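The values are calculated or read from the model by the stated rules, or taken from the named source; none is laboratory data. This structure is a prediction, so every number in the text was calculated from the model and none was measured. Backbone-built Cβ (ideal geometry, glycine too); neighbour counts: all protein chains shown.
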Amino acid sequence: MDSSREAPQEKVTARRDSTSRDAGPADVRGLISDVASLRLAGDSAELIDQIRGLEDLTSAIAAMHARAAVAFDLAQRREQAAAGVPAAKQGEGVSAQLALARRQSPSRGNRLLGLAHALVIEMPHTLTALETGQLNEWRATLLVRETACLSAADRCAVDEELAADAGTFNGAGDRALIAAARTATYRRDPRSVTDRARHAAGERYVSLRPAPDTMAYLTALLPVAEAVAVYAELTRHTDSLRARGDPRGRGQLMADTLVERTTGVRGGVSSVEIQLVMTDRTLFQGDSEPARLNGYGVVPAGWAREMVCAETDPCGQELHVFLRRLFTAPASGDLLGVDSRSRLFTHAQRRFLEIRDHTCRTPYCDAPIRHHDHIVPWHHGGSTSLLNGAGLCEACNHTKELAGWRSSTRSGPRHTIDLRTPTGHTYRSLAPPLLGSDPNCSVGAALHGNRLMRRRLKAQRHIGRRSEPLAA
């Protein structure tokens, strides 16, 4: 098994060395310039030919992406081994660097690196089909996904059997491609396919994604038996309500029943803090500045006012609304807070970081905030303050602690983080503009606004006045 994996790696290294001498950053920039200078074809037939050629070029670039990713992984592992990094930890942080270079999230970068390894090392026929435009990146990903449970040797055998580079899947849809891959995989190793299905049950989860018009997608990945049982019960209850004359549609009834049975409250509104943030002008003066709902994103001002001002929910139950004030600099919109000498962020500081950063602060990562992290580590003298704090997802926080990674803050109109990777590349993360602030304000205006706000707060504390609320 090990020998079957080592031989392709030597081949990959040789390919990487030969291509690196011929193609460099200047060649890539030249290719970009050549594509940008292309002129559109004259008639419809030529336009279709041009579109097909561009699609083939896109596939070839995806194949080169895969080769470059594997070559970078091998180079990083060699450098880490020379630096004395234990073998078990070699390769850590590689996918995160690839994600930043490709302007993708860290989780997407990890999947792309796995795809590259599978194509370059274990599925040469699929890689050739991608290079020659017979498959696009998505269809190559489907073949890799459906053979993931196989050993390297079996995967190579299935890749040879499918022979994607021989035009096997020309004209076939995605479902036909998946069916062919699953059939060949099961025929090669039925036990692995069965074990994969058993293991998949342990990966069940529930997720929430924003949808247009203040709606959201609540998705559950469940074992098929449980999923069918849940859907059947929702259907049964919906049919019962419709038989009794309920005017709501089937989809509305199923959705309402799901919410009510999950929250345990009719109407789905329970005593849960949702953190709806808006300016005082939006709340009290009817301003059109949109609000922000934590975990969802921007919502219309009118909808936010209705949510805050409602005395009861749609089912008539009394609602309790609490207002919490957030003090911001008038020009930059930066949140103002008090520094702490403790190692752990206070509850108020954690809330401020979540409101300021919205999601993980790593560039291109929009995962929910799970860790409240010191930008300059506490054990390196970093303070426990809002300036030195950032909201990160769990994966990005662990990546930041790897050798060669550095992060720091810099002055700017809004909170700014510079993230430096082991290769010396620097990526900048700018906090999202807070509601009601000017996203284009200058550094001087922001600093002047901060001074004005500090003077105002000091004067208010002196005479005992209270500021107007800024958040709900």
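Can residue 223 be described as touching a Gly at 6+ places or on another chain (Cβ under 6 Å), under 30 Å from residue 139 (Cβ atoms) and not assigned by TED's automatic domain parsing to the domain that holds residue 143?
no
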Exercise. Restricting attention to helices (runs of 4 or more DSSP H) lying wholly within the range 201-293, give those where 2 or more residues are under 30 Å from residue 359 (Cα atoms) and among the hydroxyl-bearing types (Ser, Thr, Tyr).
Key: 250-263
Quiz item: Mind checking which residues of the range 17-42 are at pLDDT 90 or above and more than 27 Å from residue 119 (Cα to Cα)?
Solution: 33, 34, 36, 37, 38, 39, 40
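Quick one: which strands (runs of 3 or more DSSP E) lie wholly within the range 357-426 and hold at least 3 residues that are more than 24 Å from residue 102 (Cα to Cα) and out of contact with any His (no Cβ under 7 Å at 6 or more places or on another chain)?
371-374
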Quiz prompt | Checklist (1) free of Cβ contacts under 8 Å to residues at least 24 places away in the same chain; (2) surrounded by fewer than 18 Cβ atoms within 10 Å (Cβ to Cβ) applied to residue 382, failing item | solution = (2)
Exercise. Determine, yes or no, whether residue 53 is under 21 Å from residue 135 (Cα atoms) and either of a type in the set (Gly, Ala, Ser) or not assigned by TED's automatic domain parsing to the domain that holds residue 127 (or both).
Key: yes
Exercise. Please enumerate the residues belonging to the range 25-78 that are under 22 Å from residue 138 (Cβ atoms) and polar (S, T, N, Q).
Key: 50, 58, 59
Quiz item: Which of the residues belonging to the range 81-97 are assigned to a helix (DSSP H, G or I) and without any contact (Cβ under 8 Å) to a residue 24 or more places away in the chain?
Solution: 81, 82, 87, 88, 89, 94, 95
Quiz item: Which of the residues spanning the range 95-112 are in contact with a Gly (Cβ under 9 Å, 6 or more places away or on another chain) and among the hydrophobic types (A, V, I, L, M, F, W, C)?
Solution: 96, 98, 99, 100, 101
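One line per residue, one yes/no per condition, for (1) surrounded by 15 or more Cβ atoms within 10 Å (Cβ to Cβ); (2) of a type in the set (S, T, N, Q); (3) modelled with pLDDT of 90 or more:
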site	(1), (2), (3)
386	yes, no, no
390	yes, no, yes
408	no, yes, yes
420	no, no, yes
433	yes, no, no
442	no, yes, no
Practice problem: Please enumerate the residues belonging to the range 209-258 that are within 26 Å of residue 304 (Cα to Cα) and either under 26 Å from the mean Cα position of the chain (by Cα) or loosely packed, with under 11 Cβ neighbours inside 10 Å (or both). | Solution: 209, 210, 211, 212, 213, 214, 215, 216, 217, 218, 219, 251
Quiz item: Can you pull out the residues in the range 348-376 that are of a type in the set (Lys, Arg) and crowded, with 17+ Cβ neighbours inside 10 Å?
Solution: 351, 356, 361
Quiz item: Does the range 61-73 contain at least one residue that is surrounded by fewer than 16 Cβ atoms within 10 Å (Cβ to Cβ) and touching a Gly at 6+ places or on another chain (Cβ under 8 Å)?
Solution: no
Quiz item: Residue check, residue 178 against (1) β-branched (Val, Ile, Thr); (2) surrounded by fewer than 16 Cβ atoms within 10 Å (Cβ to Cβ); (3) more than 20 Å from residue 64 (Cα to Cα), all met but one. Which one?
Solution: (2)
Quiz item: Quick one: residue 178 ticks every box in (1) touching a Gly at 6+ places or on another chain (Cβ under 9 Å); (2) within 23 Å of residue 111 (Cβ to Cβ) bar one, so which box is it?
Solution: (1)
Practice problem: For residue 367, state whether it is of a type in the set (Gly, Ala, Ser) and within 18 Å of the chain's Cα centre (by Cα). | Solution: yes
